[in-house]
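Below you'll find the structure, written out as structure tokens, and then a few comments.
The values are calculated or read from the model by the stated rules, or taken from the named source; none is laboratory data. Keep in mind the model is a prediction, meaning the values are calculated, not measured. For neighbour counting, all protein chains shown are included, and Cβ atoms are generated from backbone atoms with ideal geometry for every residue, glycine included.
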């Protein structure tokens, strides 16, 4: 037991020191979803366990009883400090949202412009971005979107963001070619009945048609940017052709 206590004590101190020295690297490279506060808590717990192991070793090896007592006090302080960090994790005045942007080829993108509708400061980090968003004083959830764009390649995408208690979840934004975002809808007759096998197209792109399914539903490329309006054309004999101008519900 004496040897085991010595090994655990010295090994724990070494491991804790390693995590302390490389805390930033571990947070960004290996554990991107772990908050810095949680990494610090883990380090303190390692030190506390190491201190307890050393107490067992010193209790057998020294006649100075105050030395194990000091070790016990040190272990208690480390445990109390780590517990305090755990329970104060929600007191941070900001959220730190990790963002990864994925291109159409399913490969991470590193040259995108990233921003959030809730505001905040966007910083480029290894493997993605980090958006620092101020935490609202109230306990209400904050809801918004994170946008990413590579304008030179005509790529854009967004992902919903909900912030509440605790750490912010990591967000992945999938980029898509602008103009390839789908427009979806249902074709109905004057009585509200679904019209199947109707031919639908975006005005100006008549060669790209799509028949509706048995429920009157359709989906086809919009050829428009986010927020822009388009016009839709639908026809199926014996019904008269119909158009829906300035349609904006495709996004």
Worksheet item: Can you tell me which of 195, 178, 187, 183 is surrounded by 12 or more Cβ atoms within 10 Å (Cβ to Cβ) and under 19 Å from residue 113 (Cα atoms)?
Response: 178
Worksheet item: Which ones in the stretch 111-159 are touching a residue at least 40 places away in the same chain (Cβ under 8 Å), outside any strand (DSSP E or B) and over 15 Å from residue 173 (Cα atoms)?
Response: 118, 126, 135
Item to complete: For residues that are at pLDDT below 90 and assigned to a loop (DSSP other than H, G, I, E, B), scanning just the stretch 84-104, find the one that is surrounded by the fewest Cβ atoms within 10 Å (Cβ to Cβ).
Response: 93
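Kindly check whether there is at least one residue in the stretch 147-167 that is under 30 Å from residue 122 (Cβ atoms) and more than 24 Å from the chain's Cα centre (by Cα).
Checking the stretch 147-167: at least one residue is under 30 Å from residue 122 (Cβ atoms) and more than 24 Å from the chain's Cα centre (by Cα).
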Response to the item:
Checked the stretch 198-222 for anything crowded, with 17+ Cβ neighbours inside 10 Å and assigned to a loop (DSSP other than H, G, I, E, B); matches are 198, 212, 216, 222
